[in-house]
1. Give me the aspartates and glutamates in straight-line cross-link reach of Lys75: C-alpha distance below 12 Å, same-chain residues under 8 apart excluded.
2. When 1/r is averaged over all different Cα pairs and the result inverted, which Kirkwood radius in Å belongs to the range 84-167?
3. Please report the net charge: other residues with Cβ closer than 12 Å to the Cβ of Glu46, K and R +1, D and E -1.
4. Just need the relative contact order of the range 60-123 here, percent rounded to a whole number, with Cα pairs under 8 Å and 6+ apart.
5. Can you bin every Cα-Cα distance in the range 27-126 into 5 Å intervals starting at zero and give me the percent of pairs per bin, rounded to whole numbers?
6. Straight-line reach only, C-alpha to C-alpha below 12 angstrom: list the aspartates and glutamates that Lys71 could link to, leaving out same-chain residues fewer than 8 apart.
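Any read-out appearing in this document is the output of simple, stated calculations on the displayed coordinates, not a laboratory observation. Because the structure is a prediction, the values reported are computed rather than measured. Using ideal geometry, Cβ is built from the backbone for each residue, glycine included, and neighbour counts are taken over all protein chains shown.
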Amino acid sequence: MKKLIGSVVVAVSIAGVTSSVFAEEPFEYNPTVRNVDTVEYIDGEEVQVNGIELTVDEHPDSSVGVNAAGKRSAKIEAKKPFLSNWYAKSSSTATYQQNTIGATARAFKGNGTQLGNTATSSISHSTIATAITYPGNEIGPTAYAIGNHTFKRSGYVDWYPQTKQSF
């Protein structure tokens, strides 16, 4: 009996070491990147749009009973109207309703000085959040927009990407 107990203790201790050595690494999203460079017409005015969009498939976390996985997209657009004020638009969209979805937009001079206000939108139980900031007339050749995004859905890995685009 003593020999059997010793063998069980050795087997359990080896299994414990093995499972901790091979523990799963935290999941990291690897997004698809799409550059946006178009012209839109808003209220009859030509608007130059420069942006970047990141898209990922939702990844289930370790919980049981996960629903269908969808796509999540995070986008920042720096918009330059010909006659009116420039602005930055940050958008977060998802195929399926998120517990929390959010978007923040900020604009900066090339030296890092923030232009205008920070715009934030955080919505519960939605598939879209959008924030727009107006940086004013002090835009220089090196100005840029930053978008911060939040995606939280029960049963899936949270995603907090940041997007950046020059004006």
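1. Hits, sequence-local ones excluded: Glu53.
2. On the way: mean 1/r = 0.0759 Å⁻¹.
With all distinct Cα pairs of the range 84-167 included, I get 13.2 Å.
3. Result for the local shell: -1.
4. 23 percent
5. Here the calculated profile for the range 27-126 is 2, 11, 16, 19, 19, 14, 10, 5, 3, 1, 0.
6. Asp57, Glu58
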